[in-house]
Amino acid sequence: MQIDFLGAADCVTGSRHLIDWNGRRVLLDAGLFQGFKVLRERNWAPPGFDVRSLDAVVLSHAHLDHSGWLPALVRHGYRGPIYSSPATRDLAEVLLLDAAHLQEEDARRANRQGFSRHAKALPLFTQADARSAMKQFVSVTPGRAKSLGGGLALQLVPAGHLLGACSVLLSQSGERLLFSGDLGRQADLLMPPPANPPEADVLLIESTYGNRLHPQEDDVARLGAIVRDTIGRGGSVLLPAFAVGRAQALLLALQRLKSHGEIPARLPVFLDSPMAIEATELYRRHRQLLRVPQGEMARLVEHVTLVTTGAQSQRLARSQQAGRLPAVIISASGMATGGRVLNHLKAMAPDPRHAIVFAGFQVGGSRGALMVGGAADVKIHGEFIPIRARVEHLSGLSGHADADELMAWLRHLPRPPRQTYVVHGEPEAADALRQRIARELGWAVRVPPQGGRFLP
């Protein structure tokens, strides 16, 4: 067995792990690098291997840092199967087509406004590439073994975190490799806890929150307090949200706050993200995978205004800039890296009456991370926008397991792996988890470098 760590090795994005095992080649995840520019530029680098030599791609879940490079992989010539759970396949279609649309829009804007370094800005991939990738998906039911040929078998194990998210188990000739994917929480609003892991000889474990614990306070109650305080001074609340997962969790939180009388029942709520609107329907369609009662899922968008067109979004942004009716606006993207939320930030961030509340992990270098870190201004569409609005971070609404929850999942392994690799974390987080695994469990463990190759 040979493992090449081609992404999410020295950072928390760009998940790509190439497994070469007795003549079979499998790529675990094909994610986009996000955050700092030096990371984003890796998306444009050659794959680092012959994509035509791959036998399969296996997707742990649909978030773009795990799936978003698939259209580029197809553009480079990959024509083989892309295995995932059925719900991951459905979400990936929404995410990848939207990402491709944004790539094309960004390239057009750069060419129109002349702020590209290149003579002509080009998208990393197109909607045609994304549609081609979707044709290569093969759905695999979690818990059922799937042959990948050559004696190699695949099994998906539910991981919580996101609709359809799974850990990936590969087995061949009595040996087993387990990739955790992103692990969810024990008390997530939407998703049940991760299933206990199966035994494994080689383990790849994520470390997004490897050096942190989620706060003990009730973040739904805290959100209610922020909303009450903000509308009390005549402002509105902007919730930059990942369109898949966090947007639905925030809708559920707001509905519960309204039903309990914690915020006004008639407070206008806007969902301004076509992708989040589509994803919400998918969550309702796959509600058997959630921990939410059916009645609550049926009422998830009750009295919520769904903003579908760009013109409607622009009018909503202008209304907030003009200081009209207090409201709550949920808009993507969750780290303010692109999408319609940027128009709302430009309109609302300079006004101290408003509040901007980030829910979930903010990767280093993103606008969300800068704002949570106290930045006085951020650059949007080529201009610097002052930040005078109240900025809050509800890290407890993250869909990621924290350090203690990661360790609890590891302790459920039936036996110690021969070798453990800590991936998908910022350097401090990954090394903190490595130290805990070595100290508390006594396992052989290391943090692989970007581009590192190992024979475990």
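The values are calculated or read from the model by the stated rules, or taken from the named source; none is laboratory data. All figures in this text were calculated on a predicted structure; none of them were measured in a lab. Neighbour counts are summed over all protein chains in view; Cβ atoms, including those assigned to glycine, are modelled from backbone coordinates with ideal geometry. Just the protein is used for accessible areas: all its heavy atoms, side chains included, with ligands, DNA and RNA removed. Shrake-Rupley method; radii C 1.70, N 1.55, O 1.52, S 1.80 Å.
Just need a number here: residues in region 106-141 that are open to solvent by 60 Å² or more (accessible area, probe 1.4 Å), under 23 Å from the mean Cα position of the chain (by Cα) and modelled with pLDDT under 95.
Residues in region 106-141 being open to solvent by 60 Å² or more (accessible area, probe 1.4 Å), under 23 Å from the mean Cα position of the chain (by Cα) and modelled with pLDDT under 95: 1 in total.
Going by the conditions given, is G35 among the small types (G, A, S) and in contact with a Gly (Cβ under 7 Å, 6 or more places away or on another chain)? Break it down stepwise before answering.
On the way: among the small types (G, A, S): yes; in contact with a Gly (Cβ under 7 Å, 6 or more places away or on another chain): yes.
Taking the combined requirement at face value, the residue satisfies it.
Which residues, counting only those in region 232-256, are open to solvent by 10 Å² or more (accessible area, probe 1.4 Å) and touching a residue at least 12 places away in the same chain (Cβ under 8 Å)? Walk me through it before giving the result.
Kept after step one, since they are open to solvent by 10 Å² or more (accessible area, probe 1.4 Å), are these residues of region 232-256: 232-234, 242, 246, 255-256.
Matches in region 232-256: R233, G234, F242, R246, Q255, R256.
Output the residues belonging to region 170-212 that are of a type in the set (D, E, K, R), touching a strand residue (DSSP E or B) at 6+ places or on another chain (Cβ under 7 Å) and touching a residue at least 40 places away in the same chain (Cβ under 8 Å). First the steps, then the outcome.
First pass over region 170-212, keeping only residues of a type in the set (D, E, K, R): 175-176, 182, 185, 188, 199, 201, 206, 212.
Of the ones still in play, those that are also touching a strand residue (DSSP E or B) at 6+ places or on another chain (Cβ under 7 Å) are 176, 182, 199, 201, 206.
Listed by number, the residues that qualify are D182, E199, D201, E206.
Kindly provide the set of residues from region 167-226 that are open to solvent by 50 Å² or more (accessible area, probe 1.4 Å), assigned to a loop (DSSP other than H, G, I, E, B) and of a type in the set (A, V, I, L, M, F, W, C), ordered by number.
Once the filter is applied, which keeps residues that are open to solvent by 50 Å² or more (accessible area, probe 1.4 Å), assigned to a loop (DSSP other than H, G, I, E, B) and of a type in the set (A, V, I, L, M, F, W, C), region 167-226 yields A187, L213.
Determine, yes or no, whether L257 is in a strand (DSSP E or B) and closer than 18 Å to A327 by Cα. Talk me through it step by step, then tell me what you get.
On the way: in a strand (DSSP E or B): no; closer than 18 Å to A327 by Cα: yes.
No: the conditions fail for L257.
Could you look through region 76-95, keep only residues that are at pLDDT 95 or above and in a helix (DSSP H, G or I), and pick out the one that is surrounded by the fewest Cβ atoms within 10 Å (Cβ to Cβ)?
For region 76-95, the residue satisfying everything is P86.
Could you say which residue among D351, D404 is within 22 Å of G184 (Cα to Cα) and open to solvent by 20 Å² or more (accessible area, probe 1.4 Å)? Can you show your working first?
Details: D351 fails: within 22 Å of G184 (Cα to Cα).
Of the residues listed, the single one that is within 22 Å of G184 (Cα to Cα) and open to solvent by 20 Å² or more (accessible area, probe 1.4 Å) is D404.
Residue-wise test of (1) open to solvent by 40 Å² or more (accessible area, probe 1.4 Å); (2) of a type in the set (K, R); (3) at pLDDT 95 or above.
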site	(1), (2), (3)
L28	no, no, yes
G31	no, no, yes
R40	yes, yes, no
P46	yes, no, no
A56	no, no, yes
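Identify the residue in region 315-348 that is assigned to a helix (DSSP H, G or I) and surrounded by fewer than 19 Cβ atoms within 10 Å (Cβ to Cβ) and, among all such residues, is modelled with the lowest pLDDT. If you could, list the steps in order and put the result at the bottom.
First pass over region 315-348, keeping only residues assigned to a helix (DSSP H, G or I): 315-321, 341-348.
Checking the rest, the ones that are also surrounded by fewer than 19 Cβ atoms within 10 Å (Cβ to Cβ) come to 315, 318-319, 321, 346.
Numbers: R315: 94, R318: 92, S319: 90, Q321: 83, K346: 96.
Filtering first and then ranking leaves Q321.
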